[in-house]
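Reviewing the structure listed below.
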Amino acid sequence: MTELSRRKMLISGGALGALGALSMATPAHARPLLEWTWAPSGSIAGSGAGADPRWVWDEEADQLLASLLDRGAVPEVNRLLWNWTRNDQPLPDGLPADLRDFMERARQLPSWADPAKLEVAATFNKSRGIYLNLCNGVGGGMLATAIPNEARSVYYSKGGADMEDRVAKTSIFGFAVGALDAYRPGGSVVVECVKTRLVHAAVRHLLQQSPHWGGDIPISQEDMLVTWHTLPTFAMRKLLEWRVPMKPAETEAYLHVWQVTAHLLGIRDEYIPATWDAANAQSDQILPRNMGPTPEGVELTDILLSQLAEQTSPASISRPLCNALARYLVGDQVADWDGIKREPVWDPLIKAVWPKLVRFREGLIPLPLVPETAWVIDEAVRQYILFFLTKGQETKIEIPTINRPE
Ligand code: HEM
């Protein structure tokens, strides 16, 4: 496909755009698994063994966390890490030596990290915050529940029993990545990435002991890539679809900040896409085969949307508006998998009004052309972002020691 026709497709395609062009109509479990053909030459490493990422995890972290859990060391580690919050902060005294050694290495930025690009990305994240938070928060959340591996592991892990706390913890991460000082010394994204990497390694060990699990080892490199694409790749596609003006240096920097983040989360460089073209190709290969409906995903979606609808006071957002916003973002296929109700009033309204709101924000159309109802939607989005900002202040990311309590 030429670059021009790809762009056109991305801009004109509804829902997931090219994410779904291939085989999204058939749920993941009903499709034969395609071979992994994405070439490591398209990765940030530029080369690699080309191993199928379904069967690769995070070996060093996984062994370490299994050992820490078996030794009963995790509660004390959590206590020590509670006040470890800044990128430039030394690790606290008293950590087990093997963990300290791992974390000292895991917190290093990769040699290919470009501070200048990270600065451009920070400014871009700030100026485009409203769109990015919406895509990564509501969009990413609704896509995650339509990824069976992710929905099931979230549901059966400890946090599945308290989705409010889980959302709060995830929002800490989201806002750390989007912050102006994200990768500066006073920022916190390095800390949150390393903590998350430890959490994921613990989940790999714990979930296999859950009577509900029964699958392969969770959170493979492929699973992480899938989730990664529901964040920057999805958001970039949406911004292009909405024709948000962006400079090439900004889109490149936005990719870069997420490349560095992927590395710090334990995704191998040989799988991290080097360019947007490589990212789109990888996304098109792995998303369709990893998406579909599950009862767990439907239940999680309902919890997430009702939380959003109930708690965004004072200008409380109605559940129908939340449903419609979610459907608009992820498209009918994913919304149906997630069991999101159709909203005869709001669904068509959001479709018609959102692009106008974007154009107004970007100074491309004058106020009289924005319909009155647009401001209800605008306020809903603002409230939503505020809700997540506040949630994130209430908690910290901690390593679980148990699965979801029965
Ligand atoms: C925990 C982010 C991929 C499953 C977390 C946390 C963050 C996070 C910030 C800590 C919050 C918490 O403990 O609740 C990410 C990012 C990913 C990613 C940015 C990829 C780019 C995945 C994937 C899966 C997954 C692919 C499963 C297939 C989980 C689970 C927890 C967790 C089960 C632990 C929840 C608990 O303690 O009960 N993740 N994640 N994550 N993540 Fe991920």
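The values are calculated or read from the model by the stated rules, or taken from the named source; none is laboratory data. For clarity, every value in this text was computed on a predicted model and none was experimentally measured. Cβ placement follows ideal geometry from the backbone for every residue including glycine, while neighbour counts extend to all protein chains displayed. Keep in mind that these areas ignore ligands, DNA and RNA; they rest on the heavy atoms of the full protein, side chains included. Shrake-Rupley method; radii C 1.70, N 1.55, O 1.52, S 1.80 Å.
If you check L364 against the conditions, is it in a loop (DSSP other than H, G, I, E, B), open to solvent by 70 Å² or more (accessible area, probe 1.4 Å) and either under 19 Å from Y131 (Cα atoms) or within 16 Å of the ligand (Cβ to nearest atom) (or both)? Quick ask: steps written out before the conclusion?
On the way: in a loop (DSSP other than H, G, I, E, B): yes; open to solvent by 70 Å² or more (accessible area, probe 1.4 Å): yes; either under 19 Å from Y131 (Cα atoms) or within 16 Å of the ligand (Cβ to nearest atom) (or both): yes.
In short, yes.
Would you mention how many residues in the range 367-383 are in contact (Cβ under 8 Å) with a residue 40 or more places away in the chain and open to solvent by less than 10 Å² (accessible area, probe 1.4 Å)?
Just the residues of the range 367-383 that are in contact (Cβ under 8 Å) with a residue 40 or more places away in the chain, to begin with: 376-377, 379-383.
From what's left, open to solvent by less than 10 Å² (accessible area, probe 1.4 Å): 377, 380-381.
Qualifying residue count, the range 367-383: 3.
Give me a count of the residues in the range 53-77 that are polar (S, T, N, Q) and open to solvent by 50 Å² or more (accessible area, probe 1.4 Å). Before the answer, list the steps.
Just the residues of the range 53-77 that are polar (S, T, N, Q), to begin with: 63, 67.
Going one step further and asking which of them are open to solvent by 50 Å² or more (accessible area, probe 1.4 Å), we end up with 63.
Number satisfying all stated conditions: 1.
Could you tell me whether the range 3-24 includes any residue that is in a loop (DSSP other than H, G, I, E, B), at pLDDT 95 or above and either over 30 Å from I399 (Cα atoms) or not polar (S, T, N, Q) (or both)?
Keep residues of the range 3-24 that are in a loop (DSSP other than H, G, I, E, B), which gives 13-16, 20-24.
The next check asks that each one be at pLDDT 95 or above; those that pass are none.
The answer is no; no qualifying residue exists.
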The range 175-193 residues that are within 12 Å of L118 (Cβ to Cβ), paired with ones that are among the polar types (S, T, N, Q) and open to solvent by less than 10 Å² (accessible area, probe 1.4 Å) (beta carbon under 7 Å, 6 or more apart): V177/T261; V189/T261
Any idea which residue in the range 189-210 is nearest to the ligand (Cβ to nearest atom), counting only those that are open to solvent by less than 30 Å² (accessible area, probe 1.4 Å) and either closer than 20 Å to L132 by Cβ or not in a helix (DSSP H, G or I) (or both)? T196
Yes or no: the range 158-167 includes at least one residue that is without any contact (Cβ under 8 Å) to a residue 60 or more places away in the chain, open to solvent by 30 Å² or more (accessible area, probe 1.4 Å) and near the ligand (Cβ under 9 Å from one of its atoms). yes
Identify, please: which residue in the range 38-52 is under 22 Å from the mean Cα position of the chain (by Cα) and not small (G, A, S) and is, among those, surrounded by the fewest Cβ atoms within 10 Å (Cβ to Cβ)? D52
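For the structure I just gave you, tell me whether G137 is closer than 26 Å to G363 by Cα, within 16 Å of the ligand (Cβ to nearest atom) and under 19 Å from the mean Cα position of the chain (by Cα).
Details: closer than 26 Å to G363 by Cα: yes; within 16 Å of the ligand (Cβ to nearest atom): yes; under 19 Å from the mean Cα position of the chain (by Cα): yes.
Yes: the conditions hold for G137.
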Kindly provide the set of residues from the range 101-121 that are over 23 Å from S43 (Cα atoms) and open to solvent by less than 70 Å² (accessible area, probe 1.4 Å), ordered by number. F102, M103, E104
Using the structure shown, decide if R237 is more than 11 Å from the ligand (Cβ to nearest atom), modelled with pLDDT of 95 or more, surrounded by 21 or more Cβ atoms within 10 Å (Cβ to Cβ) and among the basic types (K, R). yes
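Quick grid of which residues meet (1) away from the ligand (no atom under 16 Å from the Cβ); (2) over 22 Å from M142 (Cβ atoms); (3) open to solvent by 10 Å² or more (accessible area, probe 1.4 Å):
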{"position": "W242", "(1), (2), (3)": "yes, no, yes"}
{"position": "P248", "(1), (2), (3)": "yes, yes, yes"}
{"position": "R268", "(1), (2), (3)": "no, yes, yes"}
{"position": "R289", "(1), (2), (3)": "no, no, yes"}
Any residue at all in the range 313-328 that's surrounded by fewer than 22 Cβ atoms within 10 Å (Cβ to Cβ), in contact with a Gly (Cβ under 7 Å, 6 or more places away or on another chain) and either more than 14 Å from A146 (Cβ to Cβ) or modelled with pLDDT of 95 or more (or both)? no
Segments classed as helices (runs of 4 or more DSSP H), wholly inside the range 235-317, with at least 3 members that are within 29 Å of I365 (Cα to Cα): 248-264
Taking the range 211-232 and the residues there that are part of a loop (DSSP other than H, G, I, E, B) and open to solvent by less than 10 Å² (accessible area, probe 1.4 Å), the one that is nearest to the ligand (Cβ to nearest atom) would be P218
The correct count of residues that are β-branched (V, I, T) and out of contact with any Asp or Glu (no Cβ under 7 Å at 6 or more places or on another chain) in the range 281-310 is 2
Examine the range 62-83 for a residue that is within 22 Å of the chain's Cα centre (by Cα) and assigned to a loop (DSSP other than H, G, I, E, B), and state whether such a residue exists. no
